[in-house]
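K.L.:
Here it is, the structure, as structure tokens.
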Amino acid sequence: MIHLTDREFQELVDFIRGNFGINLSKKRLLIEARLFSVLAEKNISSFTEYFSLIRSNPEELHTMMNRLTTNHTYFMREPRHFEFMKEVILPKLTENRADKCLRIWSAGCSTGEEAYTAIMVMKEWFGPCSGWDYRILATDISTKVLDAARTGVYSADSLRNLPPGWEKRYFRKQEDQVYLLSEEVKKEVIFRSLNLMDAFPFRQPFDLIFCRNVMIYFEQETKNKLIQKFYDSLKPGGYLLIGHSETVQRDTVPFRYIEPSIYQKG
Ligand SMILES: C[S@@+](CC[C@H](N)C(=O)[O-])C[C@H]1O[C@@H](n2cnc3c(N)ncnc32)[C@H](O)[C@@H]1O
């Protein structure tokens, strides 16, 4: 096992916080454990040598972020958001909308379960041939999770919270405990790589943004700036859904509080 020196640890923590917002200052052992095999594969004998590699090679930086991000997720996670979508968000957003188009973003989408769940919810709500365009943009910094999301292969464990009947309707069992998501759902989500610390490249504002269980790793100031960027990227009346353990400091952004983890742009 190769250990980080105090100086190397601080350098890495500052680099990741500065570029990706993620605070790993209490995760020394996690960093060493997750990067150990990368150094071993490359025959690198110190973290100092490794840092000069990641600073000069974007591919290596991707590999490091693929290792260091925490990507746990599953279908129908925090189901209150999807209930609220059916009960409030969809009825409100579809009222008097001539263009029949919803703009939805899953920011920090990991392996895609959040965006795909939202598509299934909308398929059930709109029914077939509604004429509505409700494709979702889903983004993450980890290229590894984005590749997995595009493939759409999931374990039985990831499907465990789905309502009865949805597994049969939207998945094909491939082998024991392995399920392939239907093309009908997959084609409704567009996956892209995006670092939430960067300026957002969108020209049109969104109706609904999911950013759940992403900001838990960010410091308060980084969160406040990001929440302001989400506010600026929403249409008036649009919604922001965050993780249940997260909060928006309302004195810093004019979001209207609806209920825990649900906010609306006034
Ligand atoms: C725990 S997953 C959340 C997945 C899903 N939103 C959910 O609630 O189940 C957190 C994701 O945020 C991504 N992430 C962390 N920092 C990011 C950043 N600066 N820009 C984009 N994505 C980031 C990670 O790569 C990871 O896939």
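None of the figures in this text is laboratory data; all of them are computed from the coordinates on show. This structure is a prediction, so every number in the text was calculated from the model and none was measured. No Cβ is skipped: glycine too gets one built from the backbone with ideal geometry, and neighbour counts run over all protein chains shown.
K.L.:
Please find the FRET efficiency linking Arg7 to His72, where r is the Cβ-Cβ separation and R0 is fixed at 41 Å, and quote it to the nearest 0.05.
P.N.:
It comes out at approximately 0.85.
K.L.:
Which residue, Ser158, Ser245, Ser52, tops the fluctuation ranking in a GNM of the chain built on C-alpha contacts under 10 Å?
P.N.:
Ser52
K.L.:
Kindly rank 171-178, 221-228, 254-261 from highest to lowest mean number of other beta carbons found within 10 Å of each residue.
P.N.:
Descending mean neighbour count gives 221-228, 254-261, 171-178.
K.L.:
Something else: Relative contact order, percent, of the stretch 42-170 when contacts are C-alpha pairs under 8 Å separated by at least 6 residues?
P.N.:
It rounds to 30 percent for the stretch 42-170.
K.L.:
Could you derive backbone 3J(HN,Hα) for the stretch 244-251 from the dihedral phi with the Karplus parameters 6.51, -1.76 and 1.60 (θ = phi - 60°), listing whole Hz in sequence and x where the residue is Gly or Pro?
P.N.:
Ordered by residue, 3J(HN,Hα) equals 5, 8, 10, 9, 9, 7, 6, 6 Hz.
K.L.:
Here is a follow-up. With a cut-off of 13 Å, note down the residues of the stretch 103-120 whose backbone N falls inside the zone around a label point 7 Å from the Cα of Gln204 toward its beta carbon.
P.N.:
What the label zone holds, given the 13 Å backbone N cut-off, is 103-105.
K.L.:
What percent does the relative contact order of the chain come to when contacts are Cα pairs within less than 8 Å and at least six residues apart?
P.N.:
17
K.L.:
Follow-up. Counting DSSP beta bridges with both partners in the chain, what percentage is antiparallel, nearest 5?
P.N.:
Here the antiparallel bridges make up roughly 45 percent for the chain.
K.L.:
May I pose another question? Averaging sequence separations of C-alpha pairs under 8 Å and six or more residues apart, then dividing by the length of the stretch 5-83, give the relative contact order as a whole percent.
P.N.:
Relative contact order here is 21 percent.
K.L.:
Let me ask another. Would you please give the residues with an amide H less than 5 Å from that of Phe210, counting only those at least 5 places away or on a separate chain, with H modeled from the backbone geometry?
P.N.:
Trp105, Ser106, Ala107, Leu241
K.L.:
Right, something else. Checking the table Lys26/Lys187; Lys92/Lys173; Lys27/Lys186; Lys100/Lys187 against a 29 Å threshold on Cα-Cα, which pairs fail?
P.N.:
Lys26/Lys187; Lys92/Lys173; Lys27/Lys186
K.L.:
Using 0.36 nm times the number of residues separating Thr247 and Glu219, minus their current alpha carbon distance, what extension gain do you get?
P.N.:
8.9 nm
K.L.:
Full extension from Asp99 to Arg160: what is 0.36 nm times the residue separation minus their Cα-Cα distance, to one decimal in nm?
P.N.:
So the extension gain works out to 18.4 nm.
K.L.:
Return the loop-located GluC sites (Glu not before Pro) in the stretch 82-113 (DSSP other than H, G, I, E, B) with at most 15 other Cβ atoms within 10 Å of their own Cβ; answer none if there are none.
P.N.:
Here the sparse-neighbourhood loop sites are Glu95.
K.L.:
Full extension from Asn43 to Val88: what is 0.36 nm times the residue separation minus their Cα-Cα distance, to one decimal in nm?
P.N.:
Using 0.36 nm per residue and subtracting the Cα-Cα distance, I get 10.7 nm.
K.L.:
Collect residues whose amide H, placed 1.01 Å from N in the peptide plane, falls under 5 Å from the amide H of Val189; neighbours closer than 5 in sequence don't count.
P.N.:
Ile136
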